[in-house]
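As structure tokens, the structure follows; a few thoughts come after it.
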Amino acid sequence: MSESILKLESINTYIDQFHILQKVNFEVKKGELTVLLGRNGAGKTTTLRTIMGLNPASAGTVTFKGENITKGAPYQIANKGIGYVPEDQGIFYDLTVGENMRVAMRHENDETKERLDWSLDLFPDLKRFWKKPAGQLSGGQKQMLAIARSFINETDLILIDEPSKGLAPVIVEAVIDAIEKIKDRTTVVLVEQNFSMAKRLGEKYYILDNGMTMHHGNMKDLEQNEELKRKYLGIG
Amino acid sequence: MNSIIETKDLTIAFGGHVAVNQVSVQLPENQFTSVIGPNGAGKTTFFNLLSGQLKPTSGQVFYQGKEITDWSVVERTRAGIGRSFQLTNVFPNVTVLENIRLAIQSREKVRFNLFRHFKSYTAFEEEAHELLDIVLLDEKAESLAIHLSHGEKRKLEIAMLLALETKLLLLDEPTAGMSLEEVPTILRVIENIKKQEDRTIVLIEHKMEMVLDLSDRMMVLFNGELLAEGTPEEIMKNETVQEAYLGGDPNERVHT
Amino acid sequence: MMLKRMKLSTKVYLLIGLALAFLPFINDSRWFMFLMIQIFVFAIFAMSYDLLLGYTGIVSFGHAMFFGVGAYSAAIVMDRMEASFVSFLLGTLVAVLIGGFISFLAGMLTLKLKSHYYAMLTLALAGMFLYIAERWRSVTGGNDGFTFRIPELPGFLEEHRNFVIYLFCLLAMILLFFGMKRITESPLGRVLVGIRENDQRVESLGYRIMPYKVLISVISGMVASLSGVLYAISIRFVDTSVFDIQVTLDALMMTIIGGVGTLTGPIIGSAIINFSHHYLSDLANIHWIFQRWMILFGAIFILAVIFFPNGIVGTIQNKLAKRKTKKKQYDTTEKSLRKEGA
Amino acid sequence: MELIINLSINGIATGMLIFLIASGLTLIFGLMSVLNFAHGGLFVWGAYSGVFFFSLTGSFWIGILCAIVTGLILGLLTEVFIIRPVYGNHIRQILITLGLMLVLSELIKVVFGPNVLPAPVPDYLKGSWLIGDITIIKYRMFIILVGALIFCLMFFTLRYSKIGLIVRAGVMNKEMVQALGINIKKIFIFVFMVGSALAAFAGALFAPSAGAIYSELGMEFGIYAFIVVIIGGMGSIPGSLVAALLVGLANTFTAYYVPILSMVVTMLLMLIVLLFRPQGLFNVSGVSNK
């Protein structure tokens, strides 16, 4: 059994007066790629935002590397080593690709440079368009920039929200390849609606429905379980 | 069949990003057309170009044969183009009833009267209540709109659009973010509008079953371009669409 | 009967108006009458401000210019002509026309832009009027200002001139209050509230925004000019201080402290501010800090914007609304009550 | 010809002073979308503390330094207590900062007394050079130089430095900047403090050129700064510079040729711009006016 890197215990989150997360339990083991599944509005994005401190939990605890980060400010949480790729990618449109990366760099030292080189090898497009305003990139390139940016600093965990959303299948393939490489370096949590992608990448899964954790286990078991898939994911 | 709205090479770019690219399409009168496409394909931007929220970089828009490219939102609304918004867009600090009453007041062209009391137009209020009944929102009539849930705001959006009684109704994802129990209400409302005479509906929607069920025609946008247009059968058979939008094996896609 | 058809609130307002009319019989000291007249005049001025800020969401920082234009036009016309009833009417007419014209101009130029443009343009315009008033000495008397005579009243009334002016200003306030209240409750007034809440949506319902904004700013400018006329008449003197930014600030504070979007709020605000002006200046003999009472006001104003944005009347209305909600079982809310209660 | 050159130099100097005031306003509006009507108040506080510490220590530079410190402190207090509750709401910002303006200009009278305060030029900047018939007043030259320097500093910092990048990114997407590990609150305080310090700095430089200062200056020059920001295009620093120079030159020339128009000409400039180019000369697309 590998050690737990992130743990959410009976997390409750409200947005305005709406009770979005209701006692969500969620655990990520170091080095494993965990996929969060569920319908639209099930609370997947909110779970990631709660981890990042963007929608702080009103009850429950979030533990990261043994440390309680429930009440941390987003920037503190990020500095503890969590990278985040939001649903809308959070690209700074008017800045160039290079400037987008520079904003994210906490230090400009050899290690960062190594990480940067590594990700530029992974996404050669970013190198090509280094001086281009990020707003002019294609959807897939934006996604790549967002992912590369999220682990430019020393990062132990990356949260990626629906990377395949709105991308053409060919590009989705490229994103899958990239995430596969990234997961060798860090632990990844993926929110994904595209089940074929989730299936290919995921080792563990969690299913959310109506803001509650309904099920979790090994991805391989879920593939066989037609009933679960039909009930919570609407496929089969 | 006459087309109610027509676009010619409609294009809009934001900075370097081309959101809608050379879209030429004719939407037939009194038909139900759905616009589908992945997020970021330019569907809402396309709507904004039709309803006048945005002006195209190039290309033209025609409504009932007349060019309306330079018309303002107000002129288009008055001519009969109504729309609902994806991000709910109501009057927050007034009552739900008042939201709709304002729409009816506009339709009845009571615009600059500043001597009569607004309550003396009792018919407006009655009609507003009726519309709220239709979308199952009447019990909230006296609440401030800001206090509605997301789904309720969506219903209010639709009731406001109904109140305008426009020929053309542009519905931008009317059921997004609604709880599952609320969706059938909206579906029923949309089906009812469809039955009415002289109503053309254009719908942006992600729920495929819903789209296939309701639509007479479909258009697929992808990366700002019109990928295909035709009857639902034609679209489902279209290979380009299959590949680009539905992404391989349709059984493996999570329908939400 | 008329009385039966009247709403409870209307009856209450009329009753208070009537009570105010009899107030001078209790206290007819000069300064008290003067203070009350000031309250009425500034209440009118602040209500005209509330039409913009509270009902349409337009911030004007140059409201003083309408006040000043009103005061100067009336004063100049009456000074140049014989002090007669005709010159008074003419002065008022000129004041209202100029006030309306300026607000039309400012509105056409900036109301299609975001709120701060109008605020800045009016601030700058008001600065320009102050400058002109200071420099154009042949007409305005510069910084020293000038006194003028107002028409004499027939016989018996002339002996109680202050009382007549008191009643006249009170009557003006009551009439203008009901007039503006009707505007805010008219179909047009409801569109204004729509513009305040979400101007883009108003457009997609088929209302053009600009005519509404311009119209209400013209109405507001005209009413503000009227209050300037009344002000000039009540003190029979005019100087450049009528254009001072302080005048605008007073209207702003009265509206915010009393309650934006209520019309009754500005009246209460006017009473509070005028009373405090009076008593705090008196206290200056005790300690010099009271000469700088504007600091205190500024601080209260800032706190009000942060913690008390609905003002006195708005907060009371919210409280009443909440109580009513409990009765009604479903969540009726704050400002919805406005249209019934107020 | 000499007259025109003289007038032009005066105009540019005036314009540079206005630019210095407006630059802080532009910075705060352009980057944080905050409308600070108390900006003139910070300006006048800078003027007073500059003059006060100059006369106290005898050093002009210590005066300037103290003015900047005053600006930083007032900026910090303003951001934390006044602006923070009203981020994102323009109407409340306008109202609350106008209230602050009132408090700041009245407090001047409490701290420094209600009378006009003489403001001398330091000895080494007194006097002028004579080149042919052209008189170049040293202090005006000094202001032009400082203005140009500040412009370059601001322009390049925003464009190329990391902090500039972060600030620009923060304006586009505040949440994402935080999720990248940056404390945006700190950054915003910093920007606000710099903007306020610029206003105070402008005040300290302005005082000697005017010769005397009084508390109402804040309102007067606050209006100028706003007009310049409107003409230049809200949030554009090059726009502010161009607009400020335009206003400065127009003012100087009309003051010489048609004195009665000198106040009105600034207004006219603004009206013309609003009429034909309401978004200003150099509008920054990100923070447009509609």
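Provide, for the range D:2-287, the number of lysine pairs with alpha carbons under 24 Å apart, each pair being eight or more places apart or on different chains. Counting lysine pairs in the range D:2-287 gives 6. The order of the peptides C:308-321, B:213-226, D:266-279 by mean Cβ neighbours within 10 Å, most packed first, is B:213-226, C:308-321, D:266-279. When chains C and B come together, the accessible area they lose, probed at 1.4 Å and totalled over both chains, is close to 3500 Å². Look at the stretch C:189-198: the mean tally of other chain Cβ atoms within 10 Å of its residues' Cβ atoms is 6. The angle separating the long axis of helix A:139-150 from the principal Cα axis of greatest extent in chain A is about 90 degrees. With all protein chains kept in place, the per residue accessible area of chain C amounts to 42 square angstrom at a probe of 1.4 angstrom. From the square roots a ≥ b ≥ c of the eigenvalues of the alpha-carbon gyration tensor of the range C:1-155, which class results: rounded (a/c under 1.5), prolate (a/b over b/c), or oblate? Verdict is oblate for the range C:1-155.
Per-residue shielding of D:222-235, expressed as the average number of other chain Cβ atoms within 10 Å of the residue Cβ, stands at 3.
With contacts taken as Cα pairs under 8 Å at a separation of at least 6 residues, chain C carries a relative contact order of 28 percent.
Amide hydrogen proximity for D:Ile213: with H placed 1.01 Å from N in the peptide plane, the residues at 5 or more positions away or on another chain lying under 5 Å are D:Leu117, D:Ala119. Under the criterion of Cα pairs below 8 Å and six or more residues apart, the relative contact order for chain B equals 26 percent. Using the Cβ-Cβ distance between D:Asn115 and D:Ile272 with R0 set to 35 Å, the FRET efficiency from 1/(1 + (r/R0)^6) comes to roughly 0.35.
Highest mean packing first, where packing is the average number of other Cβ atoms within 10 Å per residue, the peptides B:115-121, A:193-199, C:190-196 line up as C:190-196, A:193-199, B:115-121. Distances between placed amide hydrogens fall under 5 Å for A:Ile20 paired with A:Thr13, A:Tyr14, A:Ile15, all partners being 5 or more residues away or on another chain. Just the number, please: carbon plus sulfur as a percent of the accessible area of chain D, 1.4 Å probe, no ligands or DNA/RNA counted. Within chain D, the accessible surface is 72 percent carbon and sulfur. Sorting D:131-141, C:205-215 by their mean Cβ neighbour count within 10 Å, with the most densely packed peptide first, gives C:205-215, D:131-141.
Per residue of peptide A:146-159, the mean number of Cβ atoms on other chains within 10 Å of the residue Cβ is 1.
Taking a ≥ b ≥ c as the square roots of the Cα gyration tensor eigenvalues, the range B:176-232 comes out oblate, since a/c reaches at least 1.5 and a/b does not exceed b/c. Buried on complex formation within the range D:104-129 (loss of at least 40 square angstrom of accessible surface versus the isolated chain, 1.4 Å probe, ligands and nucleic acids ignored): D:Glu106, D:Val110. In this structure chain B gives 40 Å² per residue of accessible area when probed at 1.4 Å with all protein chains present. For the range D:68-132, trypsin sites (Lys or Arg not before Pro) are listed when DSSP marks them as loop and at most 12 other Cβ atoms sit within 10 Å of their Cβ; the list is D:Lys126. Checking the a/c ratio against 1.5 first, then a/b against b/c, what shape does the Cα gyration tensor give for chain A? Because a/c hits 1.5 or more and a/b exceeds b/c, chain A counts as prolate. Given a Förster distance of 30 angstrom, what is the FRET efficiency for B:Glu139 paired with A:Gln22, based on the Cβ-Cβ distance and rounded to 0.05? Using R0 = 30 Å, I get an efficiency of 0.75. Amide H contacts of B:Ser3: B:Glu29, each under 5 Å away and 5 or more positions distant or on a separate chain (H built 1.01 Å from N in the peptide plane; Pro and chain starts excluded). Apolar share of the accessible surface for the range A:111-236: 48 percent from carbon plus sulfur atoms, 1.4 Å probe.
Buried surface for the C/D pair, taken as the accessible area of each chain alone minus that of the pair with a 1.4 Å probe, is close to 3700 Å² in total. Distance between the modelled labels on D:Ser8 and A:Thr61, one decimal in nanometres: 7.3 nm (7 Å Cα→Cβ projection). Using θ = phi - 60° in the Karplus curve 6.51 cos²θ - 1.76 cosθ + 1.60, the 3J(HN,Hα) couplings for the range C:86-92 round to 5, 5, 4, 4, 4, x, 4 Hz; x is entered for Gly and Pro. Helix B:96-107 and the longest principal axis of the Cα set of chain B meet at an angle near 80°.
Pairs from the table (C:Lys7/C:Lys112; B:Lys153/C:Lys319; C:Lys11/C:Lys213) lying more than 27 angstrom apart at Cα are C:Lys7/C:Lys112; C:Lys11/C:Lys213. In chain D, the DSSP-assigned H stretches of four residues or longer account for a calculated mean residue ellipticity at 222 nm of -25000 deg cm²/dmol, using -39500 (n - 2.57) per stretch and the full residue count as denominator. Here the relative contact order of chain A, from alpha carbon pairs under 8 Å that lie six or more residues apart, stands at 27 percent. Legend: distances between Cα atoms for A:Lys23/A:Lys44; A:Lys23/A:Lys204; B:Lys119/B:Lys155; pairs beyond 18 Å are A:Lys23/A:Lys204; B:Lys119/B:Lys155. When shorter helices are ignored and each DSSP H run of at least 4 residues is given -39500 (n - 2.57), the per-residue value for chain B at 222 nm works out to -9500 deg cm²/dmol. Where does helix D:262-276 land angle-wise versus the long Cα axis of chain D, in degrees 0 to 90, nearest 10? Computed tilt is about 40 degrees.
Of the residues making up the range C:105-132, those losing 40 Å² or more of accessible area when the isolated chain is joined by the remaining protein chains, with a 1.4 Å probe, are C:Leu109, C:Lys112, C:Leu113, C:Lys114, C:His116, C:Tyr117, C:Met120, C:Leu121, C:Leu123, C:Ala124, C:Met128, C:Tyr131.
The values are calculated or read from the model by the stated rules, or taken from the named source; none is laboratory data. Treat the numbers as computed from the prediction; the structure is a model and nothing was measured. Note that each Cβ is placed from the backbone with ideal geometry, even for glycine, and that neighbours are counted across all protein chains shown. The area values use the complete protein model at the heavy-atom level, side chains included, leaving out ligands, DNA and RNA. Shrake-Rupley method; radii C 1.70, N 1.55, O 1.52, S 1.80 Å.
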